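Read the figures in this text as sums done on the coordinates, not as results from a lab. Everything numeric here is computed off the predicted structure, so don't read it as measured data. Here the Cβ positions follow ideal geometry from the backbone for every residue, glycine too, while neighbour counts run over all protein chains shown.
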Amino acid sequence: MILKVENITKRFGGLVAVNNVSFEVNEKEILGIIGPNGAGKTTLFNVISGIYKPEKGKVIFDGKDITGLPPFKIARLGIARTHQIVKPLNELTVKENVMVGACFGREYLDLDSAEKVAEDVLKFVGLYEKADLLAGKLNVPEKKRLELARALASKPKLILLDEVLAGLNPVEVMEMVEVIKKIRESGVTILMIEHLMHAIMQISDRIIVLDYGQKIAEGKPEDVANDPKVIEAYLGDPELVLKLTKR
Amino acid sequence: MKSLSWLIGLLIVIGAIPMITHDVTLRETVFIILMYIALAESLNIILGYTGYVSFGHIVFYGIGGYVAFLMIQNYGLNIIPAMILAGLFSALVAYCLGLAILRLRGAYFAIATIGVNEAVKALITNLEQVGGAEGIYFNIKVYSAYGGAEHAIWLSYYLMLAVTIAVVIVSWFVKKSKFGLGLMAIREDEDAAITLGVNTSKYKTLAYALSALFPGMIGAIFFFKNGNIEPESAFHLTKSIEMIFMVMLGGFGTVTGPMIGAIVYERIRGFLIVSEMFKALHIAISGIILLLIVLFMPRGIIGFVRDKIPALRRFVE
């Protein structure tokens, strides 16, 4: 077990964005997080990566309590993430963007070694040809790959992927899914949020479902998909859904 | 290294001309140009690299000026150690201040820095021990330790040249370092930088302290040469705006940019200030030019050139 989330609660004023959520992530698995919009998925990521301090609960990473540590320390311990809304460093080149990840990540490399790592990672995600372009000039799918490259360059043990497939066309989705599989093969544990059902069902070992900040289901993709609670969260009344599917 | 060596070469050439010709008027002009370059390059570290608009940056120049002036006047310290102390003191003030105000972002930070400048000015104005509103004048004997006023002025000139060269070298190495990469990551997206592992508050504070170090030294030299210091000239907000103007005109975030901006600005100012028609308007005209730059050439002269002629990128940092 590499990550353990215990009874995390995060409030914004009167809104409980994450409500008493607990789960564990095993080493080298892909754990998917799904749930309707506003379910608290990204907030949960922000708690794990240190952007928000939870009101209650603990985050244990690699046997160490990291709750409330500043984000840069968590990054250096080996948790990298991508952002749902991409955050490229526009006026820096693609390579420099990735070097930031390598320089300040888990290995805290010097500039020369970081450059080598950046080149390798850019080849891995298929952005090497664009290495010297300013990041602001990339299109959205390329920016998503850049997010991923930056996170990988820090040589994380655990990577949090926040909707890396959203906004991609079917071919790009296929390519990205292959990249994610390769990341897992290289020994990195993956925790990913995704709305694209067929992709996350196919790629995840396990899935947890959030709704209104609470965990409502956890298990293998096929079990989760048939869980009445999950269907209700997505579609409303389960009996109605059953009727519809029977017809 | 190429881009650095030609910048230093240019500075040495500019700096050597008055030494060779012994032209006093030219020396005064070059002294001001060098001072502008050094101030603009210093500001560029926080404004250009880190993306924090320090609007009241002149406060560190004033603080440095006062520290050195009092050290020389009251304790008979030599200008060189006084200058170094002044720089370090300014950097220390910036460091402590940075811990508080660098939590603010964007316009809020800019406004806070103006407030700091005005607050320090008000403090000094009301502090009789440091001369109050009237300021302090050197005892004429101060310069005799340097072999007379003329020698002291030449010494100031050499020191200014040395500090300017040092600022440019430091700027260049910061830009090429891991520290610089971290700063630029902060400039582009602070939230992304911190999740990538950049210790943003430490980096910002260090950048702010570094960008205050040299203005402290420059203030020390300027007021040593000037022979008097008063709050109005030490904490003159217009000078702060001029610094921003030079950085924006030349191209923020580059090493060459602030240098070019400072030289061009000094020329514009020199031209306007002596012309009968514009002498009262030079700040207004600079303001209009600044507006045009921000609108049409947001990355300044050097940014524009680098965009248009990519082949130059290797030689122009």
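Give the separation of the Cα centroids, the stretch A:27-63 to the stretch B:44-120, in Å.
42
With axes computed from alpha carbons, what is the tilt in degrees of helix A:140-153 against the longest principal axis of chain A, rounded to the nearest 10 within 0 to 90?
70
Kirkwood hydrodynamic radius for the protein assembly as shown: how many Å is it when counted over pairs of different Cα atoms?
26.4
Of the residues A:Phe12, A:Phe104, A:Phe61, which exhibits the maximal mean-square fluctuation in a Gaussian network model of chain A defined by a 10 Å Cα contact cut-off?
Ranking A:Phe12, A:Phe104, A:Phe61 by mean-square fluctuation puts A:Phe12 first.
Want the number for A:Lys64 to A:Tyr212: 0.36 nm per residue separation, take away the alpha-carbon distance, what's left?
50.4 nm
Once you have a ≥ b ≥ c as the square roots of the Cα gyration tensor eigenvalues for the stretch B:78-166, tell me rounded if a/c is under 1.5, and otherwise prolate or oblate according to whether a/b is larger than b/c. List each step's numbers first, then the result.
Working: a/c = 2.96, a/b = 1.64, b/c = 1.81.
Oblate shape, in that a/c is at least 1.5 and b/c is the bigger or equal ratio.
Would you work out which of B:Tyr36, B:Phe223, B:Gly261 lies farthest towards the positive end of the dipole of chain B? Charges go on Cβ: Lys and Arg +1, Asp and Glu -1.
It is B:Gly261, whose Cα lies furthest towards the positive end.
Expressed as a whole number of Å, what is the distance separating the alpha-carbon centroids of the stretch A:109-172 and the stretch B:154-225?
The two parts, judged by their Cα centres, are 30 Å apart.
Set the Förster distance to 35 Å, then compute FRET efficiency between A:Lys137 and B:Ala284 from the Cβ-Cβ distance, nearest 0.05.
0.40
Using the Cα centre of the stretch B:2-312 as the reference point, and only Cβ charges (+1 on K/R, -1 on D/E), how large is the resulting charge dipole? Debye, rounded to the nearest 20.
760
Can you tell me which of B:Ile101, B:Ile285, B:Ile229 moves the most in a GNM of chain B? Springs connect C-alpha atoms under 10 Å apart.
B:Ile285
What does the C-alpha gyration tensor say about the overall shape of the stretch A:123-247? Classify as rounded when a/c is under 1.5, otherwise prolate if a/b is larger than b/c, or oblate.
Prolate.
Mind listing the long-range amide H neighbours of A:Val18? Cut-off is under 5 Å, sequence gap 5 or more, other chains count too, H placed in the peptide plane at 1.01 Å from N.
Those qualifying (amide H under 5 Å, at least 5 residues apart or on another chain) are A:Lys10.
Quick one: work out the % antiparallel among DSSP beta bridges in the protein assembly as shown, nearest 5.
60
May I ask you to list the lysines whose Cα is less than 23 Å away from that of A:Lys4, ignoring any residue fewer than eight positions away on the same chain?
List returned: A:Lys28, A:Lys41, A:Lys53, A:Lys56, A:Lys58, A:Lys64, A:Lys73, A:Lys155, A:Lys157, A:Lys181, A:Lys215, A:Lys220.
Below 8 Å, C-alpha to C-alpha, sequence gap of six or more: please give me the relative contact order for chain B in percent.
Relative contact order for chain B comes out at 32 percent.
From the backbone phi of the stretch A:189-195, what are the Karplus-calculated ³J(HN,Hα) couplings (6.51 cos²θ - 1.76 cosθ + 1.60, θ = phi - 60°) in whole Hz, Gly and Pro given as x?
7, 10, 10, 10, 9, 8, 9
In whole Å, what is the distance between the alpha-carbon centres of the stretch B:278-302 and the stretch A:188-225?
55
Kindly give Rg over Rh for the stretch B:2-312, based on alpha-carbon atoms, with the Kirkwood expression for the hydrodynamic radius.
0.96
Checking the a/c ratio against 1.5 first, then a/b against b/c, what shape does the Cα gyration tensor give for the stretch B:1-122?
oblate
What FRET efficiency do you get for B:Cys96 and A:Leu111 if R0 is 41 Å and r is their Cβ-Cβ distance, rounded to the nearest 0.05?
0.85
Could you please tell me the mean projected area of the C-alpha convex hull for chain A, averaged over all directions and given in square nanometres to one decimal?
13.7
For A:Arg81, what residues show an amide H to amide H distance below 5 Å, using hydrogens built from the backbone and excluding near sequence neighbours?
A:Leu160
Pick from B:Arg306, B:Arg103, B:Arg187: which residue has the top mean-square fluctuation in a GNM of chain B where Cα pairs under 10 Å get a spring?
B:Arg103
Taking only the Cα atoms of the stretch B:162-242, how large is their convex hull per residue, in Å³?
Residue-normalised Cα hull volume stands at 110 Å³.
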